[in-house]
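Visitor: Supplied in structure tokens, the structure appears directly below.
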Amino acid sequence: MACSKKYSSGSEEDHNNQPPQPNVEDQVVDVRKRKRMISNRESARRSRQRKQQHLDNLTAQISQLKSQNRQILSSCATTTQQYVTVEAENSILRAQLDELSNYYQSLNEIVRCLTTTTTAITTTTVTTSDESDDCEGFGGFDLEIDDGFSVNPWGFGFSFGNNFSAMSTIDPFMC
């Protein structure tokens, strides 16, 4: 009978299709759900903001690191260029040092040869001056007067008059 009542009465059916009136407990649960939903949305919004802020910070850090990297590369390139320049200058200076050392050594050899030649001439002329009567002494060196040819301390001979001779009696470079 209860079942037939349910299906037989049309006015009761309209009454049953209406939403049930919420009781106080359901209203409290709905308020809690809304508060939780609002809280969750707010929490999700803050989380998205934190994520975005972190992403922005990382992007700024990337830009800063790229800038520092460019500066370091530029500094490295400048330093490398300066190194190459200094190395080239050092190479030139080393070559000049070798050239000047060789030149100095050659000059020392010439001085040694001239010193040896002068000593030989002095020794020879001193010995000759004791043995020869036709030479006169002049400043510690003997000069031959009769043939117009004199000898200087460096061993070069020259003639007085129209005939000039650049020939040396003793070659100073032949030691």
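The values are calculated or read from the model by the stated rules, or taken from the named source; none is laboratory data. Bear in mind the structure is a predicted one, so any value in this text is a computation, not a measurement. No Cβ is skipped: glycine too gets one built from the backbone with ideal geometry, and neighbour counts run over all protein chains shown. Protein only, heavy atoms only, side chains kept; ligands, DNA and RNA dropped before computing areas. Shrake-Rupley method; radii C 1.70, N 1.55, O 1.52, S 1.80 Å.
Visitor: Have a look at Ser47, Val31, Asn57 and report the one farthest towards the positive end of the charge dipole of the stretch 19-62, computed about the Cα centre with Cβ charges (Lys/Arg +1, Asp/Glu -1).
Guide: Farthest along the dipole direction, towards plus: Asn57.
Visitor: Give the accessible area for Ile92 in Å² (nearest 10); use a 1.4 Å probe, count only protein heavy atoms, and leave out ligands, DNA and RNA.
Guide: 100 Å²
Visitor: If you don't mind, there's one more thing I want to ask. Report the local net charge at Arg48: Lys and Arg +1, Asp and Glu -1, summed over other residues whose C-beta lies under 14 Å from its C-beta.
Guide: Combined, the nearby Lys, Arg, Asp and Glu give +3.
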